[in-house]
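To keep things clear, I will list the structure first and then write my remarks on it.
The numbers here are math on the coordinates, done by the rules we state, and not lab data. Here the structure is a predicted model, which means the values were calculated and not measured. All Cβ positions, glycine included, derive from the backbone under ideal geometry; neighbour counts span all protein chains shown.
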Amino acid sequence: MSGDGENLTQSDVMLSLRDLHVSYGDREILHGINFDVMRGETLVILGGSGSGKSTLLRTLVGLEKPSSGQIWIKGQNIAAISPAEMDEIRKRIGMSFQGGALFGSMTVGENVALPLREHTKLEESTIEIMLRLKLEQVGLAGFEYYMPSQLSGGMKKRAAVARALAMDPEILFFDEPSAGLDPIIAAGIDQLILELKRAFRMTIIVVTHELASAFLIADRMVLIDKGKVVAIGTTEEMKKSTQPRVRQFLDRIAEPEVARELDYLQMLTEERRPSGRV
Amino acid sequence: MAFVAQIGESVTNGLAYLGSLATLGVRASYYTFIGPFRGKPLRMQRAISQAMDVGVRALPILSLITFFIGLILALQSAYELRKFGAVDLVATAVAISMTRELGPLITAIVVIGRSGSAFAAEIGTMKVTEEIDALETMAISPVHFLVTPKFLAMIIMLPCLTIWANTMGILGGSLFGVLQADFTIKRYVLASIDSLFLRDITTGLIKSVMFGITITAVGCFEGLSTGAGAEQVGRSTTRAVVVSIFLVVVVDLVFTALFFFISGG
């Protein structure tokens, strides 16, 4: 089931990036990113290691602050809003992290129910029903009393998706959903994403470097390289692209690793402590 | 000149660190004392389970340690006092030393070793596995969710533990008193209580609350600022313990001096 047969009748723009620049300290990682994400589409952000795609995803969910530029979500520029307003937007989005990021001290059910318990005044019995529903949706029915440490990698990812779905988000973000999974389990996660697309017509943004998954789930793809958008288009357009960087990525052409001397020297002599973001 | 620059940099880094700790402390206090009235209820379940870990589970080791400290204090005091034929005063010496100083301080150190490190390790591991990020993306404040229950537990448990420590210390001293100084337990304990003014106990308890705040702030801050990788969690935990011990002693000095000058010193 490829992703590009969908007839996008709604032309609402869910998310819009305008000239986005993101830096870590003095180093600029993203140099002016521009693209839109339409309602109901699945956009895959492709890129190699160090391309900036993870930074891009983190910025979209508000974990990093842009140094300049705008990110419009539902009419609000999240690069310039108060934390309280950002929290309201976060209640409308869901994110599935690379390792699942389930809270180890709680059961799977408690993990999934956490957003509901925090942000709603629903009765406990209702929350029980809802968490079972979410677990059912991701194929983990009956696992609500398991601890995360008792789950396999694929199951952890599914539980993470269930948690991300708890508040019925409008946009769902995935960070490397297939990372560390064997091909069969990874295919299962792809099918899950396709099912979410089909059933809820959710807007889904996936960051990955797994081409097979990307081609399967994407409506459109955007290739990020060295902090810039190299190409953006539907899956078909990308497959047929003649741009050298795109072909190199899609055809898996190896490139010699050259560490810039300055970076290497910095690594050797500097001891950088990450700031304590509280 | 480079040496001076280094000192300057260390001082500014140190002040920045204290500033970050203070920020964390203020935010934790907000969620503890003001938040509940503004629609952000306290998680009593979590606070209680933290209090069990911090307080109740520390009792065995704390009892042993402070009992021995009391005994050591008695031995050391008696060593000097007997030169003046004043071994009778050993009860006084132990009681005042424990309640004013050693009770709060030793309790703080035990708690740093048990809980300060645990806070840093727990939160640091969560940082490394992106659980802190997950909380933020779910619009849940990590300070409200993780730090506040610990904060509440510590400011309640530390004074309680200190009272217990004082008692065990006096009992430890009584062992010496009974065996070597012709006391009965009853007479020793009464002598101890007689020698204490209320302010001896209260100054100690105020210090213990301040220690609790310090230990929580440092442990949680180090956890939250952990870098990437398991090795960094180890570093954060070690730093949390060392910095906590140092800052607890500094806070001790500040408040001891404060109480000295307040009481007309």
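Rounded to the nearest 500, the helix-only mean residue ellipticity at 222 nm of chain A stands at -10500 deg cm²/dmol, with each DSSP H run of n ≥ 4 adding -39,500 (n - 2.57). All Cα-Cα distances of the range A:126-173, cut into 5 Å bins from zero to the largest, leave 5, 23, 33, 23, 12, 3, 0 percent in each bin in turn. Please list, in order, the residues from the range B:217-246 whose amide nitrogen is less than 15 Å from a point placed 7 Å along the Cα→Cβ vector of residue B:61. The answer is B:238, B:241-242, B:245, whose backbone nitrogens lie closer than 15 Å to the label point.
Loop-located chymotrypsin sites (Phe, Trp or Tyr not before Pro) in the range B:107-176 (DSSP state other than H, G, I, E, B) with a sparse environment of at most 14 neighbouring Cβ atoms within 10 Å are absent.
Only DSSP H runs of four or more residues enter the estimate; each adds -39500 (n - 2.57), and after division by the residues of chain B the mean residue ellipticity at 222 nm equals -26000 deg cm²/dmol. Dipole magnitude for chain A: about 140 debye, using +1 per Lys or Arg Cβ and -1 per Asp or Glu Cβ, origin at the Cα centre.
The modelled label-to-label distance between residue A:136 and residue A:234, using points 7 Å beyond Cα along the C-beta direction, is 3.6 nm. Length gained on full extension, residue B:228 to residue B:7, computed as 0.36 nm times the residue gap minus the Cα-Cα distance: 76.7 nm. Under the combined filter of DSSP loop state and at most 14 neighbouring Cβ atoms within 10 Å, the range A:109-155 retains these trypsin sites (Lys or Arg not before Pro): A:121.
Among B:75, B:164, B:128, whose Cα projects farthest towards the positive end of the dipole of the range B:44-262, with charges put on the beta-carbon of Lys, Arg (+1) and Asp, Glu (-1)? After comparing all options, I get B:75.
Within the P(r) computed for the range B:44-262, what percentage of the Cα pairs occupies the region above 32 Å? Tail fraction, whole percent: 27. Exceedance of the 20 Å cut-off in Cα-Cα distance is limited, within the set B:150/B:207; A:121/B:127; A:121/A:156; A:134/A:197; B:40/B:150; B:83/B:186, to A:121/B:127; A:121/A:156; B:83/B:186.
Here chain A is scanned for GluC sites (Glu not before Pro) in DSSP loops (not H, G, I, E, B) that have at most 11 other Cβ atoms within 10 Å, and the longest stretch holding none of them is A:124-256. Over chain A, the reciprocal of the mean inverse Cα-Cα separation, the Kirkwood hydrodynamic radius, stands at 19.9 Å.
Compute the Kirkwood hydrodynamic radius of the protein assembly as shown, taking the inverse of the mean of 1/r over all pairs of distinct Cα atoms, and give it in Å to one decimal.
26.7
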